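What follows is calculated from the coordinates using simple rules that are stated; it is not laboratory data. The shown structure was predicted, so the numbers you read here are calculated from the model rather than taken from an experiment. Here the Cβ is made from the backbone with ideal geometry for all residues, glycine too, and neighbour counts use every protein chain on show.
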Amino acid sequence: MREAIRSSQRIVIKAGTSILTGRDGWIQEDHFSNLCRQIVDLVDAKKQVVLVSSGAIAFGMQMTGIKKRPRNMPRLQACAAIGQGGLMHAYERYFSGRGLHAAQLLLTRDGLEIRKRFLGARHTLDELFKMKVIPIVNENDTVATEEIAFGDNDILSVHVAHLIHADLLIMLSDVDGFYLQDGSRIRQVSSESEIDSELVRHLKDTRKERTVGGMKAKLEAARVAMRLGVPLVMVNGHDEKGIRKIFEGEDVGTLFVEQREKKNARRKWIAFSAARKGALILDAGACEALRVKKKSLLPKGIVQLEGEFEKGQVVELRSPSGEVFGRGVVRYSSQELKRILGRKTSEIEEILGYKYQDEVIQRNDLVFWE
Ligand code: GLU
């Protein structure tokens, strides 16, 4: 497997705050240039690289002379807003010195849940690759705070890797990989069940890991990566050659790779990438029509709904007994559905004054839990 990893063409590299900063919490020049140099090497080797970089808060603190990381969220967001421009400027300065350019993409997990936006981001990234520009992604901290509160872009980087069909996600850490209590490095994890049992029980508490979510967040991200079929390798980001070693075939870090067939991309997105926004409770007839007769969902079969959601978002599907049996992408918002649930398709237009289509969820937009 390590051999296959070596030949990866599309690579996402995730660098958290602790990879870019020194003990004082401010951006450290040599850490920064070490990362950039290795990225340029990959681009020179004709690989397509996306960098998911934190460091906006750290840069903002630095610029305004704040020495201790603030504890309140709005102040952290403000620091990120101040620092993001500086961070991008630093990347652009480095890369332009090597004949390359950096592009800024501020994403949120919520944004990627909407198929239209997910595809919009994908098209932008594809175009940036064609232009030989290095996309630099960060969470849009002004409107989303998940990664500040927990994870420092760990999960976001998995979603970006999935978005671009990356062959590999390299997660840079303060440590050499995951270790067991007996001090041995976990070289490879090949199934999600390994994360649940052995790994969690015997995982060594590596306090050196200074990122917000630490190892727990990384493990959670690895789990999602495995579900999405994205190979993920965690290596030491402070090793000057940490990234290079992967491509030289060295057995470094911990590799997470699920050995199984890839599911259809859109179904995967529905099943794992999109967070549930609400739920539809269906009557028994509709449950059977969907699961057994492989039909689409019509308004008539919906008994009740929960939560607020927009057209295009993913909702959970429940049977009359409350069993969650699948997910689907709705073609009507919760506001619209409240008015048409239980009604015939021929009545939709009359009730709403318009109609997108008969189906609330189309056949191809449904995924069932086996
Ligand atoms: N998006 C934040 C940043 O770039 C996340 C990192 C953090 O929580 O320190 O600074």
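If amide H atoms are built 1.01 Å from N in the plane of the peptide, which residues on other chains or at least 5 residues away come under 5 Å of the amide H of Arg343?
Lys300
Give the shape of the stretch 24-149 as rounded, prolate or oblate, defined through the alpha-carbon gyration tensor: a ≥ b ≥ c are the square roots of its eigenvalues, a/c under 1.5 means rounded, and otherwise the shape is prolate if a/b is larger than b/c and oblate if not.
oblate
Give or take rounding to whole Å, what are the principal axis extents of the alpha carbon atoms in the stretch 1-63, in descending order?
40, 21, 16
Are there trypsin sites (Lys or Arg not before Pro) in the stretch 1-67 that DSSP puts in a loop and that have at most 11 other Cβ atoms within 10 Å, and which ones?
Arg23, Lys46, Lys67
Please label the shape of the stretch 305-368 as rounded, prolate or oblate, based on the square roots a ≥ b ≥ c of the eigenvalues of the alpha-carbon gyration tensor (a/c under 1.5 means rounded; beyond that, a/b larger than b/c means prolate, else oblate).
prolate
Listing Met131, Met63, Met88 from the residue with the fewest other Cβ atoms within 10 Å to the one with the most, what is the order?
By the 10 Å Cβ count, ascending: Met131, Met63, Met88.
Mind checking which of Ser33, Gly312, Pro135 is farthest towards the positive end of the chain's charge dipole, using Cβ charges of +1 (Lys, Arg) and -1 (Asp, Glu) about the Cα centre?
Gly312
Residue-wise, which Karplus ³J(HN,Hα) couplings in Hz belong to the stretch 348-360, taking 6.51 cos²θ - 1.76 cosθ + 1.60, θ = phi - 60°, and x for glycine or proline?
3, 5, 5, 6, 8, x, 7, 8, 7, 6, 6, 7, 7
Within the set Lys218/Lys277; Lys295/Lys338; Lys116/Lys277; Lys268/Lys293; Lys46/Lys245; Lys14/Lys218, which residue pairs have Cα atoms separated by over 20 Å?
Going by Cα-Cα distance, Lys218/Lys277; Lys295/Lys338; Lys268/Lys293 fall outside the 20 Å limit.
Once amide H atoms are placed 1.01 Å from N in the peptide plane, what residues at a sequence separation of 5 or more from Ala103, or on another chain, have their amide H within under 5 Å of its amide H?
Here the answer is Ile134, Ile136, since their amide H atoms fall under 5 Å of that of Ala103.
Magnitude of the Cβ-charge dipole of the chain, K/R +1 and D/E -1, about the Cα centre, nearest 20 debye?
Charge dipole of the chain: 520 debye, to the nearest 20.
How would you classify the chain from its alpha-carbon gyration tensor, with a ≥ b ≥ c the square roots of the eigenvalues: rounded for a/c under 1.5, else prolate if a/b is greater than b/c, otherwise oblate?
Verdict is prolate for the chain.
Show the residues, 5+ positions off or on another chain, whose built amide H is closer than 5 Å to the amide H of Gln304.
Close amide H contacts, sequence-distant or interchain: Ile281.
Which value in Å is the Kirkwood Rh of the stretch 235-370 over different Cα pairs?
Averaging 1/r across every pair of different Cα atoms and inverting gives 17.0 Å.
So what J values fall out for the stretch 319-328 if you push phi through Karplus, 6.51 cos²θ - 1.76 cosθ + 1.60 with θ = phi - 60°, rounded to Hz, Gly and Pro as x?
Each residue's phi maps through the Karplus curve to give 7, x, 7, x, 5, 7, 10, x, 9, x Hz.
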